[in-house]
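Structure record follows, encoded as C-alpha cells.
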Amino acid sequence: MAKRFIVLMGAPGAGKGTQAKRLQETLSLPQVATGDLFRYNLKQETELGLLAKKYMDAGELVPDSVTIAMVRDRLLQPDCADGAILDGFPRNPSQAVALDELLEQLSGRVVIVPYIHVGQESLIHRLVKRAELEGRADDNEETVRNRMRVYQNQTEPLLAYYRNKGLLVEIDGEQTIEEVSAALHQAIEAAA
Ligand code: ADP
C-alpha cells in the first residue's frame, strides 16, 4: 500500500497541533510538526536550531532549503514507513512542490488536506491565551501579528493549490476539540 500523508492546514492557533496529536493515535501515523522539530533543535542548541531561532522569533518562515532538508530527513525515519500527519508543512508554494517531489521518491501520496478553519477573532484570542499558559517565545503580540501576515501571504495560497487537486476538505475549527476530531475522522475515512 502507498504511504499515506495527511496535510493539516490552518492558521496559527487553529488547532492543528492538538488535532494532529489526537489523530496519530487513531490513525497509527506519526505527527510531523515542523514547528516542534525547530523548537527541539533550538533546545538542543544544534546548528539548525540556532539558525531557525531568529526567523521563529520574528514570526518569519525559516528558509525553504533548511526546512525541506529537515522534513526529508524526518520522513525517511522508520516510523514514517506508512506515512505521516504533516502539521505546519508545507507552508508556502515551493514547499508544496518540494513535498510532491519528495513523496514521489518515497512512493507516497497526499490523501487529504483537512483545512481547519477558525475566524480571525478567535485565533487572536486563542494565541493570546496560549501565550499566557505556555509562554512560547513567539506568542508575543508583535510576532503573532507577523505570523498571521506570513500565513495570509505565503500559506493561504496553498488552499487553492490543494483545492485544485481535489484534496481540500474544510473543517469547522470553532467547535469543541472532540467535535473537530470527529469531523476530521469522518473526512479522513471518506477519503481513504
Ligand atoms: P504556529 O502556531 O504559528 O503554526 P508552529 O509551531 O507551526 O507555529 O511554527 C513556529 C515557527 O516555526 C514559525 O513561525 C516559523 O518560524 C517556523 N516554521 C514552522 N514550520 C515552518 C515551515 N514549514 N517553513 C518555515 N518555517 C517554519
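The values are calculated or read from the model by the stated rules, or taken from the named source; none is laboratory data. What you are looking at is a predicted structure, and each value in this text was computed from that prediction instead of being measured. Note that we place each Cβ from the backbone using ideal geometry, even for glycine, and neighbour counts take in every protein chain shown. Protein only, heavy atoms only, side chains kept; ligands, DNA and RNA dropped before computing areas. Shrake-Rupley method; radii C 1.70, N 1.55, O 1.52, S 1.80 Å.
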ask   = Residue check: is LYS3 touching a residue at least 60 places away in the same chain (Cβ under 8 Å), out of contact with any helix residue (DSSP H, G or I) (no Cβ under 7 Å at 6 or more places or on another chain) and either among the acidic types (Asp, Glu) or open to solvent by 30 Å² or more (accessible area, probe 1.4 Å) (or both)?
value = yes
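Examine the range 179-190 for a residue that is surrounded by 14 or more Cβ atoms within 10 Å (Cβ to Cβ), within 13 Å of the ligand (Cβ to nearest atom) and of a type in the set (A, V, I, L, M), and state whether such a residue exists. Reasoning before the result, please.
Applying the first criterion (surrounded by 14 or more Cβ atoms within 10 Å (Cβ to Cβ)) to the range 179-190 yields 180-181, 183-185, 187-188.
Next cut, within 13 Å of the ligand (Cβ to nearest atom) only: none.
No, the conditions are met nowhere in the range 179-190.
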message = Can you confirm whether GLU60 is within 12 Å of the ligand (Cβ to nearest atom), assigned to a loop (DSSP other than H, G, I, E, B), open to solvent by 20 Å² or more (accessible area, probe 1.4 Å) and at pLDDT 95 or above?
response = yes
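Suppose the filter is over 20 Å from GLU179 (Cα atoms), more than 13 Å from the chain's Cα centre (by Cα), more than 12 Å from the ligand (Cβ to nearest atom) and part of a strand (DSSP E or B); does ARG72 pass it?
Working: over 20 Å from GLU179 (Cα atoms): yes; more than 13 Å from the chain's Cα centre (by Cα): yes; more than 12 Å from the ligand (Cβ to nearest atom): yes; part of a strand (DSSP E or B): no.
No: the conditions fail for ARG72.
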key: Single residue of GLY83, GLY35 found to be within 22 Å of VAL128 (Cβ to Cβ) and surrounded by 19 or more Cβ atoms within 10 Å (Cβ to Cβ)   = GLY35
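In the range 87-100, which residues are buried (at least 17 other Cβ atoms within 10 Å of the Cβ) and more than 9 Å from the ligand (Cβ to nearest atom)?
The first filter runs over the range 87-100 and keeps only residues buried (at least 17 other Cβ atoms within 10 Å of the Cβ), leaving 87-92, 95-96, 98-99.
Listed by number, the residues that qualify are ALA96, ALA98, LEU99.
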task = Select from the range 162-173 the residues that are open to solvent by 20 Å² or more (accessible area, probe 1.4 Å) and either outside any helix (DSSP H, G or I) or within 13 Å of the ligand (Cβ to nearest atom) (or both) and list them in ascending order.
result = LYS165, GLY166, LEU167, LEU168, VAL169, GLU170, ASP172
task = Please indicate, with yes or no, whether at least one residue in the range 139-161 is in a helix (DSSP H, G or I), open to solvent by less than 20 Å² (accessible area, probe 1.4 Å), away from the ligand (no atom under 13 Å from the Cβ) and not aromatic (Phe, Trp, Tyr).
result = yes
